[in-house]
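In what follows, a single structure is set out as structure tokens and then discussed.
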Amino acid sequence: MRTIFMAVLFFSATLAGCVEDIAENHGVPGGLTLACLRNDVSALVIEIDYSKDNQPTSDSISTLKSRLASVCDKPGGITVSSTLTDFTHSGTWTADDVRTSGHATREAGPLAQSGVLRWHVIFPSGTYNDDSVLGVAVDASTIAIFQDSVDEAEGFLGRPSRDDVEEAVLVHEFGHLLGLVNLVYDSPSSHEDDGHKGHSNNEDSVMHWSIETIGINQFLTGDIPTDFDVDDRADLAGLADGSIPARDQIHAS
Ligand SMILES: [Zn+2]
């Protein structure tokens, strides 16, 4: 039985100051939440690059799209483009590796195209350097999901199944790109877990701390959440309407 690691899975790079050159500043998870929540940028493209045998399921993709559509105002639509990709990387992955390979394989940066926000998720082979980690959000627009570890996270008798875990982890990491929980704002409600910063204390939220670690199959059996809870949604609504101030936002130059 594996230990549940309490890793902090987002990386608050100290990129202080005004964001003039977005090519040089990739921001922190949550740094593009307003670009998603509001309609100033009218369309969202989710770019998926997967290595051989690591393609996400169509169920995961459709659930992700519907969760994002329920919180982000995108009159220009949300589209997903998936590409089989060779990451030319061997061994385990660090956060820096994810950033480097992510930026090298994406078609364009998050705000490179006027009117379009691009978020990028890679599904490489291999594991994170802490192999209890199923997924990571490493900057304002880049995520990795480690399918080899997702396979290991399947529960007893397939409850939860590896596909259930994949779906939950995918939505969870995009929740970090939306700034959940308290990554770029201070929630008026106390739903951040004291022992797991950046995560929810509600096991019925997809932002619960256990979702992105292999211990998910010991903590949550059977139905695992794939959606944001009322507190998560209230935070996102407050960010969208400005009643909750957002920090560290990247703007199109
Ligand atoms: Zn997380």
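Coordinate-derived values only; no laboratory data. A quick note: this is a predicted structure, and the numbers were derived from the prediction, not measured. Cβ coordinates were reconstructed from backbone atoms using ideal geometry, including for glycine residues, and neighbour counts include every protein chain displayed.
Rank the residues ASP49, ASP231, ASP86 as a footprinting-exposure proxy: fewest other Cβ atoms within 10 Å of their Cβ go first.
Working: ASP49 24, ASP231 21, ASP86 10.
In order of increasing Cβ crowding within 10 Å: ASP86, ASP231, ASP49.
Would you list ASP164, ASP53, ASP130 from fewest to most Cβ contacts within 10 Å?
Details: ASP164 25, ASP53 9, ASP130 16.
Arranged by neighbour count, lowest to highest, ASP164, ASP53, ASP130 become ASP53, ASP130, ASP164.
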**OP:** Please give the contour-minus-distance gain from ASN129 to ASP59: 0.36 nm per residue of separation, less the Cα-Cα distance, rounded to one decimal in nm.
**Re:** 22.4 nm
Original post:
Working out 0.36 nm times the residue gap between ASP40 and GLN113, then minus their Cα-Cα distance, what length gain in nm do you get to one decimal?
Top reply: 25.0 nm
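Can you give the % of DSSP beta bridges in the range 33-241 that are antiparallel, to the nearest 5?
Numbers: 5 of 25 bridges.
Here the share of antiparallel DSSP bridges comes out near 20 percent.
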Original post:
Which helices pass in the chain if a helix is a full DSSP H run, must span at least 18 angstrom along its long axis by Cα, and must have mean Kyte-Doolittle hydropathy not below -1.0?
Top reply: 58-71, 162-177
Original post:
In nm, to one decimal, how far is the ASP86 label point from the ALA237 one, both placed 7 Å along Cα→Cβ?
Top reply: 5.0
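Can you tell me what the convex hull of the Cα atoms of the range 33-241 projects to on average, as an area in nm²? Provide the component values of the computation, followed by the final result.
Values: hull surface 42.8 nm².
Over every viewing direction, the Cα hull of the range 33-241 projects on average to 10.7 nm².
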Original post:
Which order results if SER114, SER42, SER205 are arranged by neighbouring Cβ count within 10 Å, fewest first?
Top reply: SER114, SER42, SER205
**OP:** Output ³J(HN,Hα) for the range 138-154: one whole-Hz value per residue in order, computed from phi by the Karplus curve 6.51 cos²θ - 1.76 cosθ + 1.60 with θ = phi - 60°, and x for Gly and Pro.
**Re:** 10, 7, 5, 9, 10, 10, 10, 10, 9, 5, 4, 7, 4, 4, 6, 8, 4
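Among all stretches of the chain without exposed GluC sites (Glu not before Pro) (DSSP loop, at most 15 other Cβ atoms within 10 Å), which one is longest? Don't jump to the answer; show the numbers that get you there.
Details: sites that count: GLU20, GLU24, GLU107, GLU203.
No qualifying site falls inside 108-202, the longest such stretch.
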